[in-house]
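The values are calculated or read from the model by the stated rules, or taken from the named source; none is laboratory data. Since we're looking at a predicted model, the values are computed, not measured. Here Cβ is always computed from backbone atoms with ideal geometry, including for glycine, and neighbour counts include all displayed protein chains. Surface areas here come from the heavy atoms of the whole protein model, side chains and all, with no ligands, DNA or RNA. Shrake-Rupley method; radii C 1.70, N 1.55, O 1.52, S 1.80 Å.
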Amino acid sequence: MSTVNIDFKPLEKGQNQVKIVYRISHNRTRALIQTDYIVKVTNPATPDLNMSSKAIKRNVNNDVERLYSIIREYDSGGMIYSAKDIAVEFQQYMTDYTIVNFMTQQINRLKLRGKQRTAETYTAALSSFRKYLGNNDIHLKNLTSDIIEDYEAYLNKRGLVPNSVSFYMRILRAVYNRAVDEDAIEQAMPFRHVYTGIDQTVKRALPLSSMRKISDLDLSRQPDLAYARDLFLLSFYLRGMSFIDMAFLRKSDLHGNNLSYRRHKTGKLLSVKWTKEMQSIVNRYSKGRSEYLLPILQTDPDNSRIAYKNISYNINRKLKIIARMAKIDIPLTFYCARHTWASIAHSEGIPITIISEGMGHRSENTTRIYLASLDSSTIDKANRSIIKLLHR
C-alpha cells in the first residue's frame with residue numbers, strides 16, 4: 001500500500017511561512033520530497049494548504065497526481081520498489097520537464113534530424129525567455145497565463161514588433177504542447193491571452209526607380225559595398241533567392257543555362273534560367289578552386305553555418321549603408337529583393353498565378369504553392385522580363 005501525504009516544514013523562526021513537502025510511504029519504507037512552494041500562514045503550527053495561492057494548490061494537486069501515477073505504473077508492471085524509488089522517479093520528472101532542460105532536449109533532437117535552422121530559432125527563443133526569468137528555470141507545469149502575459153509585456157517594452165513577439169510565443173507554445181503530448185503536464189492553456197498570430201508586415205518592395213539607383217551607384221572605390229550591392233542584385237535576378245541559398249550554391253548546381261537548387265527553408269527543388277546578368281556578377285567574384293559558386297563561404301563544411309551567419313550580418317550592415325547612399329527609406333535586406341521581384345512582376349501584368357501579389361500574403365505558403373504549380377519555363381520568361389526592365 002502506497003500513500004502520499006502533504007506536509008509543511010516551518011522556515012526560520014519568527015516567519016509565518018512554511019514550505020510544502022511530500023511524505024511518501026510504501027511497505028514500511030518512507031521518503032521525503034521538498035518542494036519550492038512557500039505558503040504564508042497565520043500560525044506555522046497549524047498550516048493550511050487552502051491559504052496558498054490557486055497556482056500553488058493546482059501545482060500541488062498535479063504533483064500528487066503525478067506521484068500516484070508513478071505508483072500505478074510500478075504496480076501495473078509488477079515491480080518491487082520502495083518509497084525512495086518513487087521519489088527518485090518524481091525528481092527526475094521535475095528535472096527533465098523544466099523549460100531549460102526540456103527545450104534543450106528538443107533543440108538537440110532538431111539538430112540530430114538535420115533541422116539546424118529550426119534548432120537555432122528554438123535556441124533564440126529559449127535565450128530570450130531565460131533573460132526574462134533572470135537566468136532562472138521553471139517547471140513547465142508551473143507555466144501560467146500570468147507568466148506568459150508578463151513575458152509578452154517584457155518583450156514589448158524592449159521594442160520587439162508584434163510578429164517577433166508572436167514568433168517567440170509560438171515556439172514556447174509548441175514546446176509546451178509537446179510536453180502535454182508526452183503526458184508530462186496537464187493542458188492549462190497558458191498562451192490563451194497572448195498574441196500568437198502573424199500581422200501583415202510593412203511593405204518591403206522597392207519601386208523600380210530605387211532598384212535602378214542601387215544598380216547605378218558608383219562603388220568602384222568601395223569594393224566591400226560593391227560586393228554587397230552585387231549580391232543583392234543577384235538575389236533579385238534569381239527571383240528573390242534567400243541569402244542562405246545563395247551562400248550554399250555550388251558550381252555543380254549550374255548546368256549550362258540552368259541553375260537548380262533546393263531551398264534550405266523548405267527543401268523544395270527550384271530551377272532558374274541562367275542569364276548574362278547573373279553570369280557577369282559571378283565572373284567578378286568567382287574563386288577558381290572553391291566548390292561554391294559564390295565566394296560567400298570560404299571555410300570547411302563543418303563550420304560553414306557559423307561562417308554564413310557572420311557574413312550575413314556583415315552584408316546586411318553594408319546594405320543599410322547602400323540604402324542611405326541611394327536615399328532609400330525601406331530597410332534593405334535580401335527579403336526586400338524577394339519582395340521587390342514579386343511586386344514588379346505583378347505591376348508588369350504577370351498573371352497572379354505566376355506570382356502572388358507582391359508577396360502580400362500572410363504566409364509564403366500560398367506563394368510557394370503558386371510557383372510550384374507552374375511550368376518553370378513560364379517563370380523563367382517572366383524573370384527575363386523583370387531583369388530587362390532594370391537595364392533599359
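Taking the Cβ of Val180 as the centre, find all other residues whose Cβ is under 13 Å away and add up their charges (Lys, Arg: +1; Asp, Glu: -1). Local net charge: -1. Fully extending the segment from Met325 to Lys111 would add 73.0 nm, taking 0.36 nm per residue of separation and subtracting the current Cα-Cα distance. Do you know the relative contact order of region 144-295, to the nearest whole percent, from alpha carbon pairs under 8 angstrom that are 6+ apart? Here the relative contact order equals 16 percent. So if we plug the beta-carbon distance of Arg262 and Ser286 into 1/(1 + (r/R0)^6) with R0 = 35 Å, what FRET efficiency do we get, rounded to 0.05? E between Arg262 and Ser286, to the nearest 0.05, is 0.95. Cross-link pairs exceeding 20 Å in C-alpha to C-alpha distance, out of Lys251/Lys320; Lys115/Lys309; Lys9/Lys40, comprise Lys251/Lys320.
Working ranking of peptides 160-173, 213-226 by packing, defined as the average number of other Cβ atoms within 10 Å per residue, highest first, is 160-173, 213-226. Using R0 = 30 Å, the C-beta based FRET efficiency linking Asp181 and Arg23 works out to 0.45. Residues in the chain average 55 Å² of solvent-accessible surface per residue, probe 1.4 Å, ligands and nucleic acids excluded. Taking all protein chains together and a 1.4 Å probe, the residues Glu277, Glu73 rank Glu73, Glu277 from largest to smallest accessible area.
Computed over the chain, the per-residue total of -39500 (n - 2.57) for DSSP H runs of n ≥ 4 gives a 222 nm mean residue ellipticity of -16500 deg cm²/dmol, rounded to 500. A Stokes-Einstein calculation at 4 °C with viscosity 1.567 mPa s, built on the Kirkwood radius of the chain over Cα pairs, returns a diffusion coefficient of 51 µm²/s. As a length-normalised measure over Cα pairs under 8 Å and 6 or more apart, the relative contact order of the chain settles at 11 percent.
When the chain is treated as a Gaussian network with alpha carbon springs shorter than 10 Å, the biggest mean-square fluctuation among Tyr261, Tyr74, Tyr22 belongs to Tyr74. The simple Förster model, with R0 at 41 Å and r as the Cβ-Cβ distance, assigns Ser209 and Val161 a FRET efficiency of 0.90.
Within region 1-152, all pairs of alpha-carbon atoms sorted by distance into 10 Å bins from zero give the percentages 10, 30, 31, 22, 8, 1. Residues of region 77-103 with an amide N closer than 17 Å to a point placed 7 Å from the Cα of Thr196 along the Cα-to-Cβ direction: 99, 103. Computed extension length for Tyr313-Ser82: 77.5 nm, one decimal, from 0.36 nm per residue of separation with the Cα-Cα distance subtracted. The gain in end-to-end length when the Gln91 to Arg384 segment is fully stretched comes to 99.1 nm, 0.36 nm per residue minus the alpha carbon separation. Put simply, when 278-291, 119-132, 24-37 are sorted by average Cβ atoms within 10 angstrom per residue, most first, you get 119-132, 24-37, 278-291.
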